[in-house]
Amino acid sequence: MSDRQFLNYIDGAWVPGSGSDPIADLNPADLRKVIGYCTDSTAADVDAAVDAAQRAFPAWRATPAPVRGRICRDAARLFEQRAEEIGRVLTMEEGKILAEAQGEVMKGATLVEWFSGESRRLNGETVPSEMPNTFAYTKREPLGVVGLITPWNFPMAIPAWKIAPALVAGNTVVLKGAEQTPWVTELVVRAFLDAGVPPGVLNLVQGRGATAGARLVDHPHVEAISFTGSTEIGHMIYARGASLGKRVQCELGGKNPIIVLDDGDIAMAVAATAKGGFGSTGQRCTATSRAIVQRGALDAFLAGITEAAHAVVPGDGLDPRSTMGPSVDEDQFGKVQEYLQIGKDEGADVLVGGARATAGDLGHGLFTQPTVWVADRSMRVAREEIFGPVLSVVAVDSFEEAIAVANDVEYGLTSSVYTRDVNRVFQYVDQIETGMLHVNSPTIGGEAQLPFGGMKKTGIGPREMGTQAIDFFCEWKTVYIDYSGGLREGNLY
Ligand code: NAI
Ligand code: MG
């Protein structure tokens with residue numbers, strides 16, 4: 001038991017929120033273990049954080065970009081040094097197994113490192129003018145105070161990959177972390193502070209979305225919102241932000257398919273599906289939640305994936321024998337159990353799992369058996385995001401049908417195909433409606449230097465990661481300098 005409280009960081013000081021209803025931070029592997037409490041923040045706390053960020057903005061924007069970048073480089077080093085410690089906290093709060101948690105921290109470190117280098121490439125362009133004796137160019141400038149709202153499923157990497165480009169571009173930040181993972185969020189902020197981010201430049205408000213998060217979106221001095229989370233809240237934030245004239249970027253849900261064609265390497269496809277379907281307990285926006293399998297490959301695929309699911313060992317992520325952790329909290333766990341019922345009611349044919357896992361001590365935690373079922377493409381479980389270790393296999397007759405099924409959902413984050421046919425590979429690349437796609441590799445993952453994000457209901461606004469991420473956090477200025485010494489003639493508009 002711990003009554004440790006995770007606080008806000010505003011204007012260079014750790015302070016409690018002014019709300020009176022702190023949120024219990026429980027270990028989802030064993031709900032008897034209370035890690036601490038996430039402070040409860042109100043609109044007044046958000047206002048104080050935004051005020052601090054506004055006051056800090058002039059000096060931060062005047063700090064040369066490479067100096068801002070060097071601070072991020074040092075933060076990346078600290079994340080590497082602290083990967084073990086942060087990883088352990090991440091496993092306790094979020095549930096993913098230690099190897100995944102530490103892997104996430106190293107991934108976050110790589111992203112921050114890459115953005116630090118971009119600080120030396122905040123280039124504009126010089127462009128030839130239609131007019132003589134005119135120097136035309138573009139330059140980038142920061143937006144001002146930006147708001148970041150992040151989820152619990154990658155509580156280290158997502159805040160890190162939003163904070164770094166925001167700071168490198170010269171903005172000051174108010175971060176609203178996920179209420180399920182306040183300790184990890186605090187450790188992310190501490191690394192940036194220890195690397196030298198000045199007071200007021202990076203502020204943290206912990207607490208609930210409906211109060212603290214909503215105020216951040218509404219605040220008149222927050223110029224932009226970068227959000228990752230549910231489709232429902234993202235679309236709401238986008239509409240609200242647009243009505244207030246703000247720039248909004250949302251990364252939302254997914255229903256990512258892996259397509260397995262008759263000529264594909266079935267063993268590889270099975271391994272990729274198990275990794276993408278059950279890795280991180282399916283709580284990834286890039287998780288594999290559908291396998292669309294051509295009939296010639298179906299029997300071998302089902303045999304392989306059944307065996308792979310049976311081999312998964314649910315358990316406390318701190319125990320090295322565990323290969324899959326729990327759902328993050330009661331809400332998320334309840335959602336998964338509800339979908340297990342929906343699938344059975346719809347007539348999905350359960351091959352493995354289909355229920356919560358209760359063996360030994362597992363009943364004290366939020367564990368679900370890895371589940372594989374054969375579903376029809378029209379079933380809700382084959383179309384809606386579940387965010388748990390549940391894989392729907394859909395059988396198809398042809399490549400064309402596979403693409404049609406893959407595209408027949410409202411999401412479009414990521415996908416994969418297993419085939420050795422080069423023509424099919426390029427047809428898939430052209431026809432699939434996902435923002436990221438993989439050939440002969442799992443649906444998961446993303447590299448810092450490449451844009452990350454989705455099509456359709458999955459993504460709103462410019463992509464994260466890559467140079468696109470910097471663009472979101474910058475304003476462009478277009479500059480015309482007339483050195484002719486006379487008044488312009490001609491077509492001026
Ligand atoms: P959520 O969208 O409610 O929460 C994400 C963040 O938004 C949290 O920081 C939360 O406090 C904040 N938030 C919530 N309501 C808000 C509001 N009205 N205004 C401003 N901020 C608000 O997601 P939740 O409830 O944690 O998960 C629900 C589902 O969303 C999951 O089951 C999963 O399907 C999906 N999800 C997708 C993620 C992704 O990586 N794309 C990440 C997390 C959840
Ligand atoms: Mg929610």
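Considering (1) of a type outside the set (A, V, I, L, M, F, W, C); (2) at pLDDT 95 or above; (3) touching a strand residue (DSSP E or B) at 6+ places or on another chain (Cβ under 9 Å), say which one SER378 fails and leave the rest. That leaves (3) as the condition not met. Taking the criterion of being in a loop (DSSP other than H, G, I, E, B) and out of contact with any Phe, Trp or Tyr (no Cβ under 8 Å at 6 or more places or on another chain), the residues of region 180-198 that qualify are ALA195, GLY196, VAL197.
Inside region 10-33, can you point out the residues that are closer than 16 Å to TRP183 by Cα, in a loop (DSSP other than H, G, I, E, B) and without any contact (Cβ under 8 Å) to a residue 60 or more places away in the chain? PRO16, PRO22, LYS33 - these are the residues of region 10-33 that are closer than 16 Å to TRP183 by Cα, in a loop (DSSP other than H, G, I, E, B) and without any contact (Cβ under 8 Å) to a residue 60 or more places away in the chain. Restricting the first member to region 235-252 and to residues that are more than 16 Å from LYS457 (Cα to Cα) and in contact (Cβ under 8 Å) with a residue 40 or more places away in the chain, and the second to residues that are within 11 Å of ligand 1 (Cβ to nearest atom) and part of a strand (DSSP E or B), the beta-carbon pairs closer than 8 Å and six or more apart or on different chains are ARG247/ILE225. Taken as a whole, the structure places GLY207 among residues that are within 16 Å of ligand 2 (Cβ to nearest atom), assigned to a loop (DSSP other than H, G, I, E, B), farther than 27 Å from GLU141 by Cα and not β-branched (Val, Ile, Thr). Taken together, GLY108, GLY36 contain a single residue that is on the phi > 0 side of the Ramachandran plot and buried (at least 16 other Cβ atoms within 10 Å of the Cβ), which is GLY36.
Pairs linking a residue in region 177-191 that is more than 17 Å from ASP331 (Cα to Cα) and among the hydroxyl-bearing types (Ser, Thr, Tyr) to a residue that is more than 15 Å from ligand 2 (Cβ to nearest atom) and assigned to a helix (DSSP H, G or I), with Cβ atoms under 8 Å and 6 or more positions apart or on different chains, are THR185/PRO159. The residue that is farthest from ligand 1 (Cβ to nearest atom), among those in region 120-170 that are hydrophobic (A, V, I, L, M, F, W, C) and more than 24 Å from VAL67 (Cα to Cα), is MET131. Based on this model, can you work out whether ASP47 counts as surrounded by fewer than 21 Cβ atoms within 10 Å (Cβ to Cβ), part of a helix (DSSP H, G or I) and more than 25 Å from the chain's Cα centre (by Cα)? Spelling it out, ASP47 is indeed surrounded by fewer than 21 Cβ atoms within 10 Å (Cβ to Cβ), part of a helix (DSSP H, G or I) and more than 25 Å from the chain's Cα centre (by Cα). Selection within region 222-236: residues that are assigned to a strand (DSSP E or B) and within 13 Å of ligand 2 (Cβ to nearest atom). The member of this set that is surrounded by the fewest Cβ atoms within 10 Å (Cβ to Cβ) is THR228. Between ARG356, ARG321, the distinction of being crowded, with 18+ Cβ neighbours inside 10 Å and without any contact (Cβ under 8 Å) to a residue 24 or more places away in the chain belongs to ARG356 only. Among all residues of region 272-279, there is none that is more than 16 Å from ligand 2 (Cβ to nearest atom), out of contact with any helix residue (DSSP H, G or I) (no Cβ under 9 Å at 6 or more places or on another chain) and of a type in the set (S, T, N, Q). Pairs, please: C-beta under 8 Å, at least 6 apart or cross-chain, first residue closer than 16 Å to SER230 by Cα and in region 325-349, second away from ligand 1 (no atom under 11 Å from the Cβ) and of a type in the set (S, T, N, Q)? Every condition considered, the pairs that remain are SER327/THR281; SER327/THR368; PHE333/THR368; VAL336/THR368. Those strands (runs of 3 or more DSSP E) of region 364-480 in which at least 3 residues are among the β-branched types (Val, Ile, Thr), considering only elements entirely within it, cover 371-374, 390-396. For region 247-271, the set of residues classified as touching a helix residue (DSSP H, G or I) at 6+ places or on another chain (Cβ under 9 Å) and within 13 Å of ligand 1 (Cβ to nearest atom) consists of VAL248, GLN249, CYS250, GLU251, LEU252, GLY253, LYS255, ASN256, listed by residue number.
As a summary of the residue check, THR91 satisfies the conditions (1) in a helix (DSSP H, G or I); (2) over 16 Å from the mean Cα position of the chain (by Cα); (3) without any contact (Cβ under 8 Å) to a residue 60 or more places away in the chain except for the one numbered (3). Applying the set (1) out of contact with any Lys or Arg (no Cβ under 8 Å at 6 or more places or on another chain); (2) closer than 28 Å to VAL173 by Cβ; (3) crowded, with 21+ Cβ neighbours inside 10 Å to PHE452 leaves exactly one unmet item: (1).
The values are calculated or read from the model by the stated rules, or taken from the named source; none is laboratory data. All values derive from a computational prediction rather than experimental measurement. So basically every Cβ, Gly included, is an ideal-geometry build from the backbone, and we count neighbours across all protein chains shown.
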